[in-house]
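K.L.:
Attaching a single structure in structure tokens format; questions to follow.
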Amino acid sequence: MIFETHAHYDDKAFEEDREALLASLEKNGIGRVVNISSDLRSVEDSLSLAERYPFVYAAVGIHPSDTAELTDEDLEWLKEKCSHEKAVAVGEIGLDYHWKEPEPKIQKKWFERQLLLAKEVDLPVVIHSREAAKDTLDIMKALHAEECGGVIHCFSYTKETAAEFLKLGFYFGIGGVVTFSNAKKLREAVEYLPMDRIVLETDSPYLSPEPNRGRRNTSLHLHDIAKKIAEIKGLSYDEVAARTWENAVRLYRIGR
Ligand code: NI
């Protein structure tokens, strides 16, 4: 069985076949899913999916690109959602300097406040960090992110940067990008990372691995990602599935 640590099944890309797709996952070897929210609406939707499917859990948090209009009241509301029995993380939160919208100052403010929230409610964080490695690390160090722990989702930096996140005890979400022909640096980072720090993710509906690059992604494509990691690490597919499952269970602190 494979543990999907990061998907967005509340996305409108799944409007047509969401229920059928989710219902098909277990018999296709996908045993757990953490649905990740990105804005206020998707916090509700993620929790409602988690309530309806025993194998689905939710991360609640606001993506950096959606922080422009957040208020103190929203953060209070988010804090209440953290106590839901199927909320397993705060996320995705972080910094996105590829889309500098809203401006970095605002992104940083809400990254910091949601990181502090995670520590307060004692949940791990799911971090989105794009073209913002230095600021992400600076904030994580300053606020002692190692105390709550979490995962760097869709890790896409170099192995030197991976070493810095490793020092903070974080996990690394590896997804479809690892199969892309131009992702040599990422494959080097995966080769470098200890096997007990890697978790599998798709970021569905985005970032489909080869040979489905460019099409809608689903957790069914995790098999292609696991195969690629097995190849890089010189392990069997089954071993990658089992080890990453153990890691995900530890990361999200849920039963095996
Ligand atoms: Ni995502």
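K.L.:
Given a 1.4 Å probe and the protein chains all in place, what does the accessible area of THR202 round to, in Å² to the nearest 10?
P.N.:
In the full protein context, THR202 sits at about 0 Å².
K.L.:
Could you report the accessible area of MET1 in Å², rounded to 10, computed with a 1.4 Å probe on the protein chains as they sit in the structure?
P.N.:
That residue has around 120 Å² of solvent-accessible surface.
K.L.:
Relative contact order for segment 2-252: what percent, with Cα pairs under 8 Å and sequence separation of 6 or more? List each step's numbers first, then the result.
P.N.:
On the way: 495 pairs, mean separation 47.0, N = 251.
Computed value for segment 2-252: 19 percent relative contact order.
K.L.:
If r is the Cβ-Cβ distance from LYS233 to GLU85 and R0 is 35 Å, what FRET efficiency results, to the nearest 0.05?
P.N.:
On the way: r = 35 Å, r/R0 = 1.00.
Efficiency, from the Cβ-Cβ distance: 0.50.
K.L.:
What is the spin-label model distance, in nm, from ALA23 to GLU146 if the labels are put 7 Å beyond Cα along the C-beta direction?
P.N.:
4.8 nm
K.L.:
I'd like the FRET efficiency for LYS119 and GLU16, computed as 1/(1 + (r/R0)^6) with the beta carbon distance as r and R0 of 35 Å, rounded to 0.05.
P.N.:
Values: r = 39 Å, r/R0 = 1.12.
Once rounded, the FRET efficiency stands at 0.35.
K.L.:
Just how far, in whole angstrom, is segment 104-177 from segment 217-256 if you go by their alpha carbon centroids?
P.N.:
Comparing the Cα centres of segment 217-256 and segment 104-177, I get a distance of 21 Å.
K.L.:
Pick out which of LEU70, LEU49, LEU220 has the largest mean-square fluctuation in a Gaussian network model of the chain, springs linking Cα atoms closer than 10 Å.
P.N.:
LEU70
K.L.:
Let me ask another. Tell me the carbon and sulfur percent of the accessible area for segment 135-196, rounded to whole percent, probe radius 1.4 Å.
P.N.:
Details: 1280 of 2490 Å².
Exposed carbon and sulfur together represent 52 percent of the surface.
K.L.:
Where the convex hull is taken over the Cα atoms of the chain, what is its projected area averaged over directions, in nm²?
P.N.:
Working: hull surface 48.7 nm².
Spelled out: convex hull of the Cα atoms, projected over all directions, averaged, 12.2 nm².
K.L.:
For a quick check of understanding: with a 1.4 angstrom probe and all protein chains in place, what accessible area in square angstrom does TYR252 have, to the nearest ten?
P.N.:
That residue has around 10 Å² of solvent-accessible surface.
K.L.:
Starting from the amide H of ASN217, placed 1.01 Å from N in the peptide plane, find each other amide H under 5 Å away whose residue is 5 or more places distant or on another chain.
P.N.:
Those qualifying (amide H under 5 Å, at least 5 residues apart or on another chain) are TYR206, SER208.
K.L.:
At 222 nm, what helix-only mean residue ellipticity would the chain give, in deg cm²/dmol to the nearest 500, using -39500 (n - 2.57) for each DSSP H run of four or more? Could the numbers behind the result be given before it?
P.N.:
Values: 9 runs with 105 residues, N = 256.
-12500 deg cm²/dmol, from helical runs alone.
K.L.:
What order do ILE232, ILE30 take when sorted by accessible area (1.4 Å probe), most exposed first?
P.N.:
Result of the area sort, largest leading: ILE232, ILE30.
K.L.:
Probe radius 1.4 Å, ligands and nucleic acids left out: which of HIS144, HIS221, HIS6 has the largest accessible area, and how do the rest follow? Walk me through the numbers on the way to the answer.
P.N.:
On the way: HIS144 85, HIS221 35, HIS6 0 Å².
Largest accessible area first, the residues go HIS144, HIS221, HIS6.
K.L.:
What accessible area per residue, rounded to a whole number of Å², is obtained for segment 2-252 using a probe radius of 1.4 Å?
P.N.:
On the way: 10560 Å² over 251 residues.
Accessible area per residue, segment 2-252: 42 Å².
K.L.:
Hey, for a label at ARG253 modelled as a point 7 Å past Cα toward Cβ, could you say which residues of segment 110-127 have their backbone N under 20 Å away?
P.N.:
Under 20 Å, as judged by backbone N against the label point of ARG253, lie 112-127 of segment 110-127.
K.L.:
Binning at 10 Å from 0, report for segment 1-76 what percent of all alpha-carbon pair distances ends up in each bin.
P.N.:
19, 49, 24, 8, 0
The values are calculated or read from the model by the stated rules, or taken from the named source; none is laboratory data. It should be emphasised that the depicted structure is a prediction, and the values quoted were computed from it without experimental measurement. Note: ideal-geometry Cβ built from the backbone for every residue, glycine included; neighbour counts use all protein chains shown. Heads up: the accessible areas ignore ligands, DNA and RNA and are worked out on the full protein's heavy atoms, side chains in. Shrake-Rupley method; radii C 1.70, N 1.55, O 1.52, S 1.80 Å.
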